[in-house]
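**Q** The structure follows.
Throughout, read-outs are computed from the coordinates displayed, never taken from laboratory work. Quantities reported herein were computed from a predicted structural model and do not represent experimental measurements. Ideal geometry is used to build each Cβ from the backbone, glycine not excepted, and the neighbour counts take in all protein chains shown.
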Amino acid sequence: MNDCVFCRITAGEAPATKVYEDDTLCAFLDIRPIARGHTLVIPKRHATELEDLDADLGAHIFRAGHRLALAIRRSSLAADGANLVLNDGTAAFQTVPHVHLHVIPRKHGDKLSFAAGLLLRRPHDPTSTAAAIKGGIAALDNEDQSSTSEAEPSGRAEEGTPG
Ligand SMILES: [Zn+2]
């Protein structure tokens with residue numbers, strides 16, 4: 001029995017509102033968000049601090065955070081920007097001992113609500129928030145597909161091949 005709450009989330013033993021996952025990482029809503037849409041990206045394999053994290057996996061985590069930051073701009077949350085923050089170690093105020101990258105949506109003029117969010121850390125409706133972020137990811141996927149087909153018209157020739 002793992003007592004790391006993030007390992008329990010990746011194992012499906014603890015609840016979380018996931019917005020994205022692949023073989024090596026998952027992204028889910030922070031249960032104490034600073035702002036609506038505040039998401040955490042974590043490696044599935046336990047790593048307490050950057051000291052324990054494979055560098056390629058670290059790059060992959062940042063790539064996912066980058067993509068989420070773009071997705072929330074395109075989502076109905078309509079973010080104008082994002083803070084991507086990784087607190088490494090207790091000296092840096094890392095509160096959960098499993099590496100996590102914060103992606104915190106920002107809007108122009110949100111200084112006061114952001115400051116209040118830092119104090120209150122109050123959850124917003126997770127179901128609709130996750131749906132909004134997934135909508136942003138889908139919008140981003142569509143953009144990628146259309147830019148791929150422009151650059152490489154025959155690039156999707158295998159699309160009809162049965163799985
Ligand atoms: Zn863990």
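**Q** Given the structure, is Thr48 within 18 Å of His124 (Cα to Cα) and among the polar types (S, T, N, Q)?
**A** No: the conditions fail for Thr48.
**Q** What number of residues within region 10-42 satisfy the criterion of being over 22 Å from Ala138 (Cα atoms) and out of contact with any Pro (no Cβ under 8 Å at 6 or more places or on another chain)?
**A** 7
**Q** Within the set of pairs 6 or more residues apart or between chains, which connect a residue that is in contact (Cβ under 8 Å) with a residue 12 or more places away in the chain inside region 10-31 to a residue that is part of a strand (DSSP E or B) and basic (Lys, Arg) with Cβ atoms less than 7 Å apart?
**A** Cys26/Lys18; Ala27/Lys18; Phe28/Lys18
**Q** Here's something else I'd like to know. Is it the case that Ile72 is among the aliphatic types (A, V, I, L, M), surrounded by 14 or more Cβ atoms within 10 Å (Cβ to Cβ) and closer than 17 Å to Ala131 by Cα?
**A** Yes; evaluated as a whole, the condition is true for this residue.
**Q** In region 1-102, which strands (runs of 3 or more DSSP E) lie fully inside it and hold 3 or more residues that are more than 10 Å from the chain's Cα centre (by Cα), away from the ligand (no atom under 14 Å from the Cβ) and of a type outside the set (Asp, Glu)?
**A** In region 1-102, the matching strands (runs of 3 or more DSSP E) lie at 81-85.
**Q** Given the conditions (1) within 16 Å of the ligand (Cβ to nearest atom); (2) under 18 Å from Phe28 (Cα atoms), and given that Asp125 satisfies all but one, which numbered condition is not satisfied?
**A** (1)
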